[in-house]
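Structure, as structure tokens:
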2 protein chains.
Amino acid sequence: MSRSGGRSAITIYDVAAAAGVAPSTVSRAFSRPGRVNAQTAARIQAVAAELGYRANPQARALSTTRTMMLAVVLADVTNPAFFDLVRGAGAAATEAGYTLVLAETQESAERERDVLEATAARVDGIVLAGSRSPDAAIHQVNKVVPVVAVNRDVRGLPSVVVDLEHGARVTVEHLHGLGHREVMYLAGPEASWPDGMRWRSLRQVAREHGMRVRRVGPYEPTVQGGVRAGEQWLDGRRRGAAAVGYNDLMAIGFIRAVTRAGLKVPDDVSVVGFDNTSSAELITPELTTVAAPMRDVGRIAATNVIALARGATSTRGEPVVVPTRLVERESTAPPA
Amino acid sequence: MSRSGGRSAITIYDVAAAAGVAPSTVSRAFSRPGRVNAQTAARIQAVAAELGYRANPQARALSTTRTMMLAVVLADVTNPAFFDLVRGAGAAATEAGYTLVLAETQESAERERDVLEATAARVDGIVLAGSRSPDAAIHQVNKVVPVVAVNRDVRGLPSVVVDLEHGARVTVEHLHGLGHREVMYLAGPEASWPDGMRWRSLRQVAREHGMRVRRVGPYEPTVQGGVRAGEQWLDGRRRGAAAVGYNDLMAIGFIRAVTRAGLKVPDDVSVVGFDNTSSAELITPELTTVAAPMRDVGRIAATNVIALARGATSTRGEPVVVPTRLVERESTAPPA
DNA sequence: ACCCTGGTGGCAAACGGTTGCCATCCGGGA
DNA sequence: TCCCGGATGGCAACCGTTTGCCACCAGGGT
């Protein structure tokens, strides 16, 4: 309640007094341009600037019920796959006058619950990426504040997803074209929507081409997880296989593990990633991977959530699907 | 003002009515345990739970002047050097009951100003990492909300910095020990405090050992920037040099560029990075780099800013200095 | 029997904006 | 001359919590 630590705060009342007008006029001078006489407004602006007035966002939020903040909640801030998503969402938010905040759930459903709990009432909308929560929990949050899901199809919620089917198709066809007849999927987190999606598409397309598919895992969707996948694969390995990772991180870890064991990629085993993160072309061999325009995903998701925050009724047709493409690099080759 | 979109909100008034008590009692039942009779409190809790009551953070903030949010403002969320910083700060924040939000300035002083502007009034404290702003601007922000600087010594502000001098020392001594007599510094952003610090220390220690030092740049502190540094170095190169990057990203870019040009690292040129990011051991050759306990940095910074937010008077002695060490990997070797 | 005290609960005034409604002023048209 | 309406500014209620202060009650000490 008290002006602690000398960190005072100028209010519209101070400005009003200094400018010789009523507080409401000061308020309108800022939030309702045109509603007050141009000269009066100018004088108020001048006085406010001189006093260093800054509107108190909490007070404003209290009476308008909008905080002008947007949250991007994601599983793991260190996962490069999310970088462009964040950038895209940030651009859209800034453009619309919203402040974007990031919160991470550390790949844990429990932390996700806490984070959403702590965030929901503080923002006007949430872009939820890489969720590990059940649909019901997400709907619960959506009752408090609009949610747009990324890479996850939640019934009744708008969402934007990358075209995993197509990603799986080009991956399989690429490997098939190289002569592979067996593909192994390195599975990510079980609660992950794209994991199930990826696996089903992979299996489907592989069958169409008469290829055998296996699935190993689940593993953590990190380099460490990929290393574990690789180590496990090294026991009971079969030559000439091709591995498809849940994401780039896992693919990279897999490569590390098998390389360390003396095998060669792609000569002994082909590896395909997913996400086309910046590390994909840093490593040796450079990683063949599926790319998606995550910046667009972020932009679209943020734009949609802003529309909802502004009162649009959830149009909710189908999820927005953005295209994927295969980036062929060095980690794939014909089987030995 | 209106309950838009059916997203209603239960208030303490609703709870009070349902429980047959006054709103103030409901408030106290939550924020002042012990101040109200245990049985009454229990009844209120029950009613509140049943109604699904959630306190409105804006209203609470308005009357307490605390938002219970902390911001970590950093130059670039995609820079792995910040990952552990964020994790450490997050842990400390959560532990103290604060919600942590992340905001990025995209390495731009202008964006940094906007971000700080938008953030300052919404949080109880700011951990400012990789700032590009002048001291005066930071002090300005500090008038609104406590700021703790990371890797930057701002007069009059608490800060936590990694021991760059020691990092420079071990780097130079390592190279000197390998037989190098010349070191080239790949400079990062000019407005970056650690850049100047690193360079001065490097020069100082190199002189002590009778080594020649050069500085090239500045470049962007990214892989791209490193690539540019490498390309530029390739013209007018001298053999046997050793390059020290502003950070790992630049070092990695440098290696890429010279490798692409047919040179060998470390045979033709030794390279040392800074930060020991996760990519450092992913690339080939694995990168020799200086490591700092960034998680501790984040934890300490957040803890300090929380103390200040709670009213501690800035004790402000010297900056907190955390140790650094050299991680020797494959990118350094005796000169050809 | 009386006063004091500790334990509880309620009243009402903040916190700093926004906004519906009303009063006033002014120029113009009839 | 009178009336009307647009432009402008002020009043006061409201957003949902917190909290200082007071009222009330029961029980214990004297």
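Can you pull out every residue in segment A:240-255 that is part of a loop (DSSP other than H, G, I, E, B), under 19 Å from A:Pro189 (Cα atoms) and not polar (S, T, N, Q)? Working first, answer last.
Kept after step one, since they are part of a loop (DSSP other than H, G, I, E, B), are these residues of segment A:240-255: A:240-241, A:246-247.
Add one more test, that the residue is under 19 Å from A:Pro189 (Cα atoms), and what stays is A:246-247.
A:Tyr246, the sole residue that qualifies.
Give the residue that is nearest to A:Arg152 (Cα to Cα), with candidates limited to residues of segment A:62-100 that are within 16 Å of DNA strand D (Cβ to nearest atom), out of contact with any Pro (no Cβ under 9 Å at 6 or more places or on another chain) and not charged (D, E, K, R).
Our first condition is that a residue be within 16 Å of DNA strand D (Cβ to nearest atom); within segment A:62-100, this holds for A:62-68.
From what's left, out of contact with any Pro (no Cβ under 9 Å at 6 or more places or on another chain): A:62-66.
Remaining after also requiring not charged (D, E, K, R): A:62-65.
Details: A:Leu62: 32, A:Ser63: 34, A:Thr64: 31, A:Thr65: 28 Å.
Taking the candidates together, the pick is A:Thr65.
Keeping to segment A:284-299, report how many residues are surrounded by fewer than 22 Cβ atoms within 10 Å (Cβ to Cβ) and of a type outside the set (Lys, Arg).
Just the residues of segment A:284-299 that are surrounded by fewer than 22 Cβ atoms within 10 Å (Cβ to Cβ), to begin with: A:284-286, A:291, A:293, A:295-296.
Restricting the remaining residues to those that are of a type outside the set (Lys, Arg) gives A:284-286, A:291, A:293, A:296.
The qualifying residues number 6.
For B:Arg132, indicate whether it is in a loop (DSSP other than H, G, I, E, B), buried (at least 22 other Cβ atoms within 10 Å of the Cβ) and on the phi < 0 side of the Ramachandran plot. Can you show your working first?
On the way: in a loop (DSSP other than H, G, I, E, B): yes; buried (at least 22 other Cβ atoms within 10 Å of the Cβ): no; on the phi < 0 side of the Ramachandran plot: yes.
Criteria not met by B:Arg132.
For segment B:11-111, which helices (runs of 4 or more DSSP H) that fit wholly inside it have 3 or more residues that are touching a residue at least 40 places away in the same chain (Cβ under 8 Å)?
Details: elements: B:12-19, B:23-31, B:38-51, B:57-64, B:83-95.
Hits in segment B:11-111: B:83-95.
Within segment B:37-50, how many residues turn out to be within 13 Å of DNA strand D (Cβ to nearest atom) and either more than 20 Å from B:Arg60 (Cβ to Cβ) or surrounded by fewer than 19 Cβ atoms within 10 Å (Cβ to Cβ) (or both)?
1
With the requirement that a residue be hydrophobic (A, V, I, L, M, F, W, C) and within 9 Å of chain A (Cβ to nearest Cβ), what does segment B:89-104 give you? If you could, list the steps in order and put the result at the bottom.
Of all residues in segment B:89-104, those hydrophobic (A, V, I, L, M, F, W, C) come to B:89, B:91-93, B:96, B:100-103.
Within segment B:89-104, B:Leu100, B:Val101, B:Leu102, B:Ala103 meet the criteria.
Would it be correct to say that A:Arg32 is surrounded by fewer than 19 Cβ atoms within 10 Å (Cβ to Cβ) and within 11 Å of DNA strand C (Cβ to nearest atom)?
Working: surrounded by fewer than 19 Cβ atoms within 10 Å (Cβ to Cβ): yes; within 11 Å of DNA strand C (Cβ to nearest atom): yes.
Against the criterion (surrounded by fewer than 19 Cβ atoms within 10 Å (Cβ to Cβ) and within 11 Å of DNA strand C (Cβ to nearest atom)), A:Arg32 qualifies.
Which members of segment A:112-128 meet the condition of being without any contact (Cβ under 8 Å) to a residue 60 or more places away in the chain and not in a helix (DSSP H, G or I)?
We begin by selecting, within segment A:112-128, every residue without any contact (Cβ under 8 Å) to a residue 60 or more places away in the chain; these are A:112-123, A:128.
Matches in segment A:112-128: A:Ala121, A:Arg122, A:Val123, A:Leu128.
If A:Arg295 satisfies every condition in (1) in contact (Cβ under 8 Å) with a residue 12 or more places away in the chain; (2) outside any helix (DSSP H, G or I); (3) under 24 Å from A:Leu74 (Cα atoms) but one, which is the exception?
It fails just one condition, (2).
Only one residue in B:Val86, B:Val15, B:Val77 is in contact with a Phe, Trp or Tyr (Cβ under 8 Å, 6 or more places away or on another chain) and either facing chain A (nearest Cβ under 9 Å) or surrounded by fewer than 18 Cβ atoms within 10 Å (Cβ to Cβ) (or both), so which one is that?
Numbers: B:Val86 fails: in contact with a Phe, Trp or Tyr (Cβ under 8 Å, 6 or more places away or on another chain); B:Val15 fails: either facing chain A (nearest Cβ under 9 Å) or surrounded by fewer than 18 Cβ atoms within 10 Å (Cβ to Cβ) (or both).
Selected residue: B:Val77, the only one of B:Val86, B:Val15, B:Val77 that is in contact with a Phe, Trp or Tyr (Cβ under 8 Å, 6 or more places away or on another chain) and either facing chain A (nearest Cβ under 9 Å) or surrounded by fewer than 18 Cβ atoms within 10 Å (Cβ to Cβ) (or both).
Would you call B:Thr303 of a type outside the set (A, V, I, L, M), farther than 20 Å from B:Gly125 by Cβ and surrounded by 15 or more Cβ atoms within 10 Å (Cβ to Cβ)? Talk me through it step by step, then tell me what you get.
Values: of a type outside the set (A, V, I, L, M): yes; farther than 20 Å from B:Gly125 by Cβ: no; surrounded by 15 or more Cβ atoms within 10 Å (Cβ to Cβ): yes.
When the stated conditions are applied, B:Thr303 does not pass them.
From the list A:Glu110, A:Glu173, A:Glu165, exactly one residue is acidic (Asp, Glu) and either within 13 Å of A:Val305 (Cβ to Cβ) or within 14 Å of chain B (Cβ to nearest Cβ) (or both). Which is it?
Values: A:Glu173 fails: either within 13 Å of A:Val305 (Cβ to Cβ) or within 14 Å of chain B (Cβ to nearest Cβ) (or both); A:Glu165 fails: either within 13 Å of A:Val305 (Cβ to Cβ) or within 14 Å of chain B (Cβ to nearest Cβ) (or both).
Only one candidate passes the filter, namely A:Glu110.
Quick one: how many residues across segment B:27-69 are away from chain A (no Cβ under 11 Å) and not hydroxyl-bearing (Ser, Thr, Tyr)?
First, pick out the residues of segment B:27-69 that are away from chain A (no Cβ under 11 Å): B:27-51, B:53.
Narrowing further to those that are not hydroxyl-bearing (Ser, Thr, Tyr): B:28-30, B:32-39, B:41-51.
Number satisfying all stated conditions: 22.
Residue under question is B:Ala55, and the condition is that it be crowded, with 17+ Cβ neighbours inside 10 Å, more than 8 Å from DNA strand C (Cβ to nearest atom), of a type in the set (A, V, I, L, M, F, W, C) and within 30 Å of A:Arg60 (Cβ to Cβ); does it hold? First the steps, then the outcome.
Details: crowded, with 17+ Cβ neighbours inside 10 Å: no; more than 8 Å from DNA strand C (Cβ to nearest atom): yes; of a type in the set (A, V, I, L, M, F, W, C): yes; within 30 Å of A:Arg60 (Cβ to Cβ): yes.
In short, no.
Which of the residues belonging to segment A:261-284 are closer than 21 Å to A:Val161 by Cα and assigned to a loop (DSSP other than H, G, I, E, B)? So that I can check it myself, show each step before the final result.
As a first pass, look at segment A:261-284 and keep what is closer than 21 Å to A:Val161 by Cα: A:272-278.
Correct list: A:Asp275, A:Asn276, A:Thr277.
Filtering segment A:259-279 down to residues that are free of Cβ contacts under 8 Å to residues at least 60 places away in the same chain and crowded, with 24+ Cβ neighbours inside 10 Å, which residue is farthest from the other protein chains (Cβ to nearest Cβ)? Walk me through how you get there before you give the answer.
Looking only at segment A:259-279, we keep the residues that are free of Cβ contacts under 8 Å to residues at least 60 places away in the same chain, and these are A:259-264, A:269, A:273, A:276.
Checking which are crowded, with 24+ Cβ neighbours inside 10 Å leaves us with A:269, A:273, A:276.
Numbers: A:Val269: 18, A:Gly273: 13, A:Asn276: 14 Å.
By that ranking, first place goes to A:Val269.
Can you find even one residue in segment A:224-240 that is farther than 21 Å from B:Ile283 by Cβ and buried (at least 23 other Cβ atoms within 10 Å of the Cβ)?
no
Every residue in segment B:256-307 that is of a type in the set (Gly, Ala, Ser) and touching a Lys or Arg at 6+ places or on another chain (Cβ under 6 Å), please.
First pass over segment B:256-307, keeping only residues of a type in the set (Gly, Ala, Ser): B:257, B:261-262, B:270, B:273, B:278-280, B:291-292, B:298, B:301-302, B:307.
The answer is B:Ala291, and nothing else.
Does B:Val258 satisfy the criteria of being within 30 Å of A:Asn79 (Cβ to Cβ) and either in a helix (DSSP H, G or I) or of a type in the set (Phe, Trp, Tyr) (or both)?
Details: within 30 Å of A:Asn79 (Cβ to Cβ): yes; either in a helix (DSSP H, G or I) or of a type in the set (Phe, Trp, Tyr) (or both): yes.
Yes: the conditions hold for B:Val258.
Of the numbered conditions (1) farther than 19 Å from A:Pro158 by Cβ; (2) assigned to a loop (DSSP other than H, G, I, E, B), A:Gly311 satisfies every one except a single condition; which is it?
(1)
Taking segment A:104-128, which residues are hydrophobic (A, V, I, L, M, F, W, C) and either closer than 23 Å to A:Arg60 by Cα or at pLDDT 95 or above (or both)?
We begin by selecting, within segment A:104-128, every residue hydrophobic (A, V, I, L, M, F, W, C); these are A:109, A:115-116, A:118, A:120-121, A:123, A:126-128.
The answer is A:Leu116, A:Ala118, A:Ala120, A:Ala121, A:Val123, A:Ile126, A:Val127, A:Leu128.
The values are calculated or read from the model by the stated rules, or taken from the named source; none is laboratory data. On a predicted model such as this, the values are computed, not experimentally measured, just so you know. Note that we place each Cβ from the backbone using ideal geometry, even for glycine, and neighbour counts take in every protein chain shown.
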